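See below for the structure under consideration.
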Amino acid sequence: MSEQDDKPQSEAVPSPPTEEASSARVPEDKNTAGRPKFTGKNAIELKDVKKSFDGKEFVLNGIDLQIPRGQITVIIGYSGTGKSVLLKHILGLVTPTSGSIKVQGQELTEMTEAQRTQLRQGYGMLFQYSALFDDMTALENVMFPLKEHRRGQMKKSEMQEVAKARLKDAGLDPKHFNKLPSEMSGGMRKRVGLARALALDPEILIYDEPTTGLDPVLTEMVDNLIVSTHNARKGSTSVVVSHDLYAAFRIADHVAMLDSGRVLLYGTPEDFLNSEIDLVKRFVAKGVRKELTPKEGEEPLRSTE
Ligand SMILES: Nc1ncnc2c1ncn2[C@@H]1O[C@H](COP(=O)(O)OP(=O)(O)O)[C@@H](O)[C@H]1O
Ligand SMILES: [Mg+2]
């Protein structure tokens with residue numbers, strides 16, 4: 001399905017989620033299932049994480065990475081350098097061969113599977129393909145995680161209210177709420193995917209190549225949506241895997257570049273521009289386009305926390 005079928009005017013500049021929509025997290029403590037709010041400095045901490053699937057080659061070979069709470073961290077790197085495997089570790093879907101992974105202060109590797117499942121409810125995930133259910137409407141897609149995890153805690157009408165609020169947060173016009181994915185444009189499907197990721201009021205948002213394969217207009221829409229979503233949810237932490245350096249520099253507070261299963265460089269976008277590391281220089285030279293130089297009077301797009 002083509003991702004090009006969006007109206008550029010309406011999709012390019014999404015309005016940020018309104019106060020009204022964002023405050024409609026009804027009912028707050030019900031929907032977070034009593035999760036205590038984490039207030040530590042780092043949302044995620046990896047120490048010397050190694051992973052070998054076959055016992056020989058290490059896909060992750062000593063990852064040290066701290067992901068500050070309340071910020072947007074972008075992970076970049078060439079294809080096959082372990083970015084998705086790293087995310088799967090953070091999600092607790094893959095167990096490291098050695099090393100420590102702390103999420104909100106809790107050691108993942110020491111948790112039971114039930115605890116990890118509980119922890120994953122605090123994550124919102126959006127992948128390259130929004131992976132919506134084809135036979136469900138936009139609203140039903142967003143209600144799905146609520147039905148799965150909030151049964152018995154929320155009434156159906158409350159779930160519906162939350163789902164609608166999340167769709168509004170993600171910038172979908174209510175007239176599309178009852179459409180099937182096949183009746184929606186690529187941009188709308190991304191918004192529904194994001195709304196579904198937000199359904200359980202996550203504190204940590206994880207995006208794996210959310211703009212890969214999109215045209216420039218949609219890419220900008222999704223990048224803007226990542227930032228506006230982050231800024232509308234105070235204290236939330238966003239982790240974005242991207243091969244698009246330009247986007248990384250536009251949206252990131254911090255950037256980590258992976259190479260050979262390690263963090264080659266961690267720093268601000270400026271640190272990357274000034275780096276003397278050969279591989280970083282080559283990646284930057286390849287990725288930096290003219291647009292990177294902000295036009296006069298243009299504010300760089302950054303998170304506000
Ligand atoms: N379940 C798995 N079993 C074996 N090898 C894997 C598995 N998942 C990923 N890999 C390997 O790990 C390496 C890194 O993959 P990945 O994290 O997907 O790269 P990328 O940086 O492009 O996201 C690749 O060589 C891939 O083949
Ligand atoms: Mg990947």
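Quick notes on this structure:
- Selection within segment 247-263 - assigned to a loop (DSSP other than H, G, I, E, B), more than 14 Å from Tyr78 (Cβ to Cβ) and among the small types (Gly, Ala, Ser): Ala252
- Listed by first and then second residue, the pairs linking a residue in segment 54-67 that is among the basic types (Lys, Arg) to a residue that is within 16 Å of ligand 2 (Cβ to nearest atom), with Cβ atoms under 7 Å apart and 6 or more places separating them unless they lie on different chains, form an empty list.
- Per the listing Lys156, Lys190, the residue uniquely surrounded by fewer than 20 Cβ atoms within 10 Å (Cβ to Cβ) and modelled with pLDDT of 90 or more is Lys156.
- Scope segment 98-123; condition buried (at least 18 other Cβ atoms within 10 Å of the Cβ) and touching a Phe, Trp or Tyr at 6+ places or on another chain (Cβ under 9 Å); matching residues: Val103, Gln104, Gly122
- Condition check for Gly124: assigned to a strand (DSSP E or B), among the small types (Gly, Ala, Ser), at pLDDT 90 or above and farther than 26 Å from Gly213 by Cβ: no
- Among the residues of segment 52-89, those identified as away from ligand 1 (no atom under 12 Å from the Cβ) and not in a loop (DSSP other than H, G, I, E, B) are Gly62, Asp64, Leu65, Gln66, Ile67, Pro68, Ile72, Thr73, Val74.
- A single member of Val263, Val222, Val255 is buried (at least 21 other Cβ atoms within 10 Å of the Cβ) and at pLDDT 95 or above, and it is Val255.
The values are calculated or read from the model by the stated rules, or taken from the named source; none is laboratory data. These figures come from a predicted structure and were not determined experimentally. Using ideal geometry, Cβ is built from the backbone for each residue, glycine included, and neighbour counts are taken over all protein chains shown.
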